[in-house]
Every structure is written in C-alpha cells, then in structure tokens.
Amino acid sequence: MSGPPEAPRVAPPGPGDLTVAVCSRDRGDLLRRCLAQIARVTPAQVEVLVVDSGSRTRATLDVAAAAGVRAVRSDTPGLSIARNLALASSDRPFVLFTDDDCLAVDGWTGAVLGWFADPAVVAVTGRMLDHTLVGVPDLAPARVRHLTRAVEGIDAGHGALMAFRRERLRALGGFDDVLGAGRRLAGAEDLDMLCRVLAAGGVVVRDEASVVHHANTREGADHTDLYRGYGRGLGALVAKWLRLRPATGLTLGAIVARRAMLRWLRARADRREGAAQLALLAGALSGWREARRTPLVAGRFVDQAPPAPVTLPTPQGVADA
C-alpha cells in the first residue's frame, strides 16, 4: 500500500525521547526476564517504566527495583488502566508499550523511533514472533505498511509492541479502561486504540524490523478462558464501532466473524486449539451483546463497574496512582 503524501520531516527523535512501558500483574518471573532482555538490547538513554497493575503482592515492585528501573502502581487492576497511568507518568514525547511475557530483539527501539520524524505518524508498531523462534535467523525481508483508515486498525499491530506520540494519545482520552486484560472484555484495547488514532487522522506505521518474541504461558482451561476474553474484547470492539462509525463497524464485524470461523474450522482436529477458537467465537458474541448497552463518551466506554482496588503499603520512592 502506498503511503500518504509526505508531511515536512523533523529531526528524528533519539533514545532520550522514549519511555518503554511494561505493565505487569503478579508475574514476577516473566517480568524479570523481560526487563533483563530490555537492558541488553535497548540504549541506556531510554527510560524503562514498570507499571504494577494491581498486583496482590510486592513482587512486581521488587523486581522493578532490582532491575534499577522506575515503577508506578495502580491499585485498580486492568491493562488499559495501567497503560493510561504509563502515559500520565512519563514526561517523554514517545511511549513504547510491550508486555511482560515478551523478549525484545536488538534494534527494536531504533526501528520505531525513526518513523516519528514524520509529524503525521502518531503510532508505530512492529512484529510479534513466537518464543520458539528466539535465536532462529529471520531471513524474511522486513515489510513496512503505512495505514490511514480506521478499519485498518484491526491489522495495525499488537499491544506487545506499539509506540505512540504520548500527547496525541492523551488528547484522544487514552486507552479504553473497559477493554483489555483484567476486565471482562479482556482484549482488543490495542486494536481499538489504533483504530481511534486512525479515525482521528493519524498515520500508523507497521515496521516489521522491530521485533519481540512472545511466550504463551497458558494451558488447559486457562488457555480457553484467555481466548474467551479475547473474543469478548473483539465483540465489544465491533459493537463500539458500529455505534461510532457504522460502515467501519460493519467491516470490522465481517473481518472478526470470518477470521474466527476460519480459525475454528482449521483447529477442530486439535482439541486444545479447537476449544480455544470456539471460546473466542462465543466470547465475541457475548462481548458484542454486552457492549451494545454500555454507554459511550468520546469514543470510550463508560466504566460502570471498575475492579475493586488492591491496596498494598506504599514504600518510599514508589509513586501511587
């Protein structure tokens, strides 16, 4: 796809302009590996920020302290809530989000930052590969896509590797607190944010030269529940956009339904994956039904039943949300 007309370019941002934010809840071992890898492959000038998303113990904060990185805490769980706290807690113009179950690959931040020399670019995403490919030479050429239409947000990238102009994201209200891990509608907060960036006229660049490896840590019923939550989030995404922009919502709905059905048909012979894809389909229908009735304000769902706060004693030197 050809890109939009070029806007005047400015000097490329440097590592000192970037915060890498890792939101984590009760997964100290994964977070420790994630932070160690970030330290190995990320310029020292980049700020690394851990957001404790309502962990039930001090382990998340302790891991961050041991790694020598700044930590903030939200007593209220929820991935979108944590990501919004990261946006509020950084004073740098760009924030790159990754997940605690991901391992970054050398060069990941440089591939992202260069695109922000174009003032039209509001978000840059990369490629997420399975953890089994760590150390395997990647011979495929890195593709670059410039996305400009709201419906393209569904293919714009993953929450595991996405960077934004911080103030532009805050002007849009940030992530939708009702969507994402830790909530009943447990997915699609990343896709929704990318759709909203595009709908507001921003450009999203997907550059496959920026890579993280992702580890699937769920098995059995937990794996099936994970996909059910993803499905609820996708269904809510469709319901939201049917209300905001009906044509976009219809297209998103068709894409979600077609892909979910095809994945289920292909996975039926595999008991584990078949159950997961069926749960995703059922979750999507449930999320769509629920989100049709949820009030919307400025493109975000009204959080009518926020999670109960998890309160820990706050040690000196750690900010509290």
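Quick note: the coordinates plus some simple rules give every number you see, no bench work behind them. Bear in mind that the values here come from a model prediction, so they are computed numbers and not experimental data. Using ideal geometry, Cβ is built from the backbone for each residue, glycine included, and neighbour counts are taken over all protein chains shown.
In segment 266-301, which trypsin sites (Lys or Arg not before Pro) are in a loop and have at most 14 other Cβ atoms within 10 Å, using DSSP for the loop call? Those satisfying the criteria are ARG268, ARG293. For the chain, modelled as a GNM whose springs connect Cα atoms under 10 angstrom apart, the maximal fluctuation among ALA142, ALA156, ALA181 occurs at ALA142.
Only helices enter this figure: runs of n ≥ 4 DSSP H residues, each worth -39500 (n - 2.57), summed and divided by the residues of the chain, yield -12500 deg cm²/dmol at 222 nm to the nearest 500. Once you have a ≥ b ≥ c as the square roots of the Cα gyration tensor eigenvalues for segment 198-285, tell me rounded if a/c is under 1.5, and otherwise prolate or oblate according to whether a/b is larger than b/c. The shape class here is oblate.
Which of rounded, prolate or oblate describes segment 237-321 when judged by the alpha-carbon gyration tensor and an a/c cut-off of 1.5? Oblate shape, in that a/c is at least 1.5 and b/c is the bigger or equal ratio.
Between ASN84, PRO43, TRP115, the Cα set farthest toward the positive side of the dipole of the chain (charges on each charged residue's Cβ, about the Cα centre) is that of ASN84. Since only VAL203, ALA254, LEU103 are under comparison, the one whose Cα sits farthest along the positive direction of the charge dipole of the chain, derived from C-beta charges on Lys, Arg, Asp and Glu, is ALA254.
With K and R counted +1 and D and E -1, the other residues having a Cβ less than 14 Å from that of LEU242 yield a net charge of +4.
Extension gain, ALA282 to ASN216, is 21.6 nm, computed as 0.36 nm per intervening residue step minus the present C-alpha separation.
Close amide H contacts of HIS158 (hydrogens built in the peptide plane, cut-off under 5 Å, sequence separation of 5 or more or a different chain): GLY126.
All Cα-Cα distances of segment 90-182, cut into 5 Å bins from zero to the largest, leave 2, 10, 20, 26, 21, 13, 6, 2, 0 percent in each bin in turn. Using a ≥ b ≥ c from the Cα gyration tensor of segment 6-122 (square roots of the eigenvalues), is it rounded, prolate or oblate, where a/c under 1.5 gives rounded and otherwise the larger of a/b and b/c decides, a/b for prolate? It is prolate, given that a/c is not under 1.5 and a/b is the larger ratio.
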